[in-house]
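The values are calculated or read from the model by the stated rules, or taken from the named source; none is laboratory data. Just so it is clear, the structure is predicted and the values come from calculations on it, not from any experiment. Note that each Cβ is placed from the backbone with ideal geometry, even for glycine, and that neighbours are counted across all protein chains shown. For accessibility, only protein heavy atoms count, side chains too; no ligands or nucleic acids. Shrake-Rupley method; radii C 1.70, N 1.55, O 1.52, S 1.80 Å.
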Amino acid sequence: VSVYGGPTSQTVRHAPVALLDQWLANQGYLVVRADNRGTGRRGHAWERAIKGDFAGPTLDGQVAALQALARKVPELNVARVGIFGWSFGGYMSALAVLKRPDVFHAAVAGAPVTEWLDYDTHYTERYLGVPPAASEAYTRSSLLPLAPGLRRPLLLVHGTADDNVHFFHTLKLSDALFKAGRPHDLLPLSGFTHMVADPLVTERLYAHITAYFREHLRAAAAPGGGLQPAAR
């Protein structure tokens with residue numbers, strides 16, 4: 001699953017495929033993109049569904065899309081599902097394995113927002129409200145309380161000079177996972193900001209992500225685990 005999922009965005013469109021998506025497809029993966037509730041171009045009610053909750057409607061939409069596709073595409077192996085995203089997509093990827101390990105079996109989270117209280121207020125308060133009155137919405141949408149429940153492979157990737165989603169977001173999640181005794185992987189990109197512009201580092205990063213999925217999706221789900229595709 002190649003995910004972004006953030007407010008007003010749109011990733012399913014008639015356009016050239018993203019390089020990493022094609023790279024993964026070349027390795028034999030079926031790459032899925034879906035625009036969940038909260039994304040753009042589907043009307044006011046669709047966009048407003050995430051008011052007060054970044055974690056519920058967004059992830060539910062990704063799961064529903066995967067289930068729907070599994071009913072139509074028999075090649076989709078729902079017992080070995082990986083998820084990757086950057087920025088809000090990084091948040092979604094970490095959220096997926098933390099909250100729905102029955103569905104997602106490995107994740108690579110790039111530059112994730114892990115605690116919305118620490119992100120730009122001009123963005124966050126538009127959707128989650130103003131704390132402390134909206135404190136429940138921030139708790140509901142945070143990744144940090146979910147850290148003790150991690151039981152799937154998770155790779156965190158983040159530029160150490162990120163001026164959008166600051167590097168300490170990943171450090172705070174890594175610290176919470178460490179204190180909870182939950183193994184995970186961390187790849188800091190030294191000196192990089194929110195996006196990776198260096199061609200060599202991009203190539204190394206994509207190869208690393210591909211290798212991570214190759215390692216952890218070979219036998220990721222226990223018998224009977226994960227989604228079951230509908231009868232054909």
Practice prompt. Would you check which residues across the stretch 56-105 are part of a loop (DSSP other than H, G, I, E, B) and hydroxyl-bearing (Ser, Thr, Tyr) and list them?
Written response: Ser87
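Within the stretch 22-63, restricting attention to residues that are charged (D, E, K, R) and at pLDDT 90 or above, which residue is nearest to Leu98 (Cα to Cα)? Before you say what the answer is, go through the steps one by one.
Looking only at the stretch 22-63, we keep the residues that are charged (D, E, K, R), and these are 33, 35, 37, 41-42, 47-48, 51, 53, 60.
Then keep just the ones that are at pLDDT 90 or above; that gives 33, 35, 51, 53, 60.
Details: Arg33: 20, Asp35: 20, Lys51: 21, Asp53: 16, Asp60: 13 Å.
If we take residues in the stretch 22-63 being charged (D, E, K, R) and at pLDDT 90 or above, then Asp60 is nearest to Leu98 (Cα to Cα).
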Discussion item. Yes or no: the stretch 33-41 includes at least one residue that is outside any helix (DSSP H, G or I), touching a strand residue (DSSP E or B) at 6+ places or on another chain (Cβ under 7 Å), of a type outside the set (Asp, Glu) and free of Cβ contacts under 8 Å to residues at least 60 places away in the same chain.
Written reply: yes
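For the stretch 119-135, which positions are surrounded by 14 or more Cβ atoms within 10 Å (Cβ to Cβ) and over 18 Å from the mean Cα position of the chain (by Cα)? Steps first, please.
Filtering the stretch 119-135 down to residues surrounded by 14 or more Cβ atoms within 10 Å (Cβ to Cβ) leaves 119, 123-125, 127-129, 131, 134.
Tyr123, Glu125, Tyr127, Leu128, Gly129, Pro131, Ala134, listed by residue number.
Mind checking whether some residue in the stretch 42-54 is without any contact (Cβ under 8 Å) to a residue 40 or more places away in the chain, in contact with an Asp or Glu (Cβ under 8 Å, 6 or more places away or on another chain) and surrounded by fewer than 18 Cβ atoms within 10 Å (Cβ to Cβ)?
Taking the stretch 42-54 as the starting set, the residues that turn out to be without any contact (Cβ under 8 Å) to a residue 40 or more places away in the chain are 42-46, 48-49.
Narrowing further to those that are in contact with an Asp or Glu (Cβ under 8 Å, 6 or more places away or on another chain): 42.
Filter again for surrounded by fewer than 18 Cβ atoms within 10 Å (Cβ to Cβ), leaving 42.
Within the stretch 42-54 (the criterion being without any contact (Cβ under 8 Å) to a residue 40 or more places away in the chain, in contact with an Asp or Glu (Cβ under 8 Å, 6 or more places away or on another chain) and surrounded by fewer than 18 Cβ atoms within 10 Å (Cβ to Cβ)), the answer is yes, since at least one residue qualifies.
Go through the stretch 172-197 and report how many residues are open to solvent by 30 Å² or more (accessible area, probe 1.4 Å), under 23 Å from Ala211 (Cα atoms) and either modelled with pLDDT of 95 or more or touching a Cys at 6+ places or on another chain (Cβ under 7 Å) (or both). It would help to see each step written out before you state the result.
First, the residues of the stretch 172-197 that are open to solvent by 30 Å² or more (accessible area, probe 1.4 Å): 172, 175, 178-188, 190-193, 195-197.
Next cut, under 23 Å from Ala211 (Cα atoms) only: 182-188, 190, 192, 195-197.
Among the residues that remain, those that are also either modelled with pLDDT of 95 or more or touching a Cys at 6+ places or on another chain (Cβ under 7 Å) (or both) are: 182-188, 190, 192.
The number of residues fulfilling the criteria is 9.
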Worksheet item: Is it the case that the stretch 81-88 has a residue that's open to solvent by 10 Å² or more (accessible area, probe 1.4 Å) and either more than 14 Å from the chain's Cα centre (by Cα) or without any contact (Cβ under 8 Å) to a residue 12 or more places away in the chain (or both)?
Response: no
Worksheet, complete the sentence: Out of (1) on the phi < 0 side of the Ramachandran plot; (2) part of a loop (DSSP other than H, G, I, E, B), the one Gly52 does not meet is (1)
Item to complete: Go through the stretch 89-114 and count every residue that is open to solvent by 10 Å² or more (accessible area, probe 1.4 Å) and of a type in the set (S, T, N, Q).
Response: 0
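The rows are residues; the columns are (1) of a type in the set (A, V, I, L, M, F, W, C); (2) modelled with pLDDT under 95; (3) not in a helix (DSSP H, G or I).
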residue	(1), (2), (3)
Glu125	no, no, no
Ala147	yes, no, no
Arg151	no, no, yes
His166	no, no, yes
Discussion item. So the check is Cβ under 7 Å with 6+ separation or different chains; which pairs have a first residue in the stretch 184-196 that's over 10 Å from Val157 (Cβ atoms) and a second one that's acidic (Asp, Glu) and open to solvent by 50 Å² or more (accessible area, probe 1.4 Å)?
Written reply: Thr193/Asp163; His194/Asp163
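Can you pull out every residue in the stretch 172-198 that is closer than 15 Å to Ser142 by Cβ and within 17 Å of the chain's Cα centre (by Cα)? Explain how you work it out, then say what you get.
Here is the first cut: in the stretch 172-198, the ones closer than 15 Å to Ser142 by Cβ are 172-177, 180.
Listed by number, the residues that qualify are Lys172, Leu173, Ser174, Leu177.
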Response to the item:
Of the residues in the stretch 1-60, those that are over 25 Å from Ser142 (Cβ atoms) and of a type in the set (Phe, Trp, Tyr) come to Trp23, Tyr29
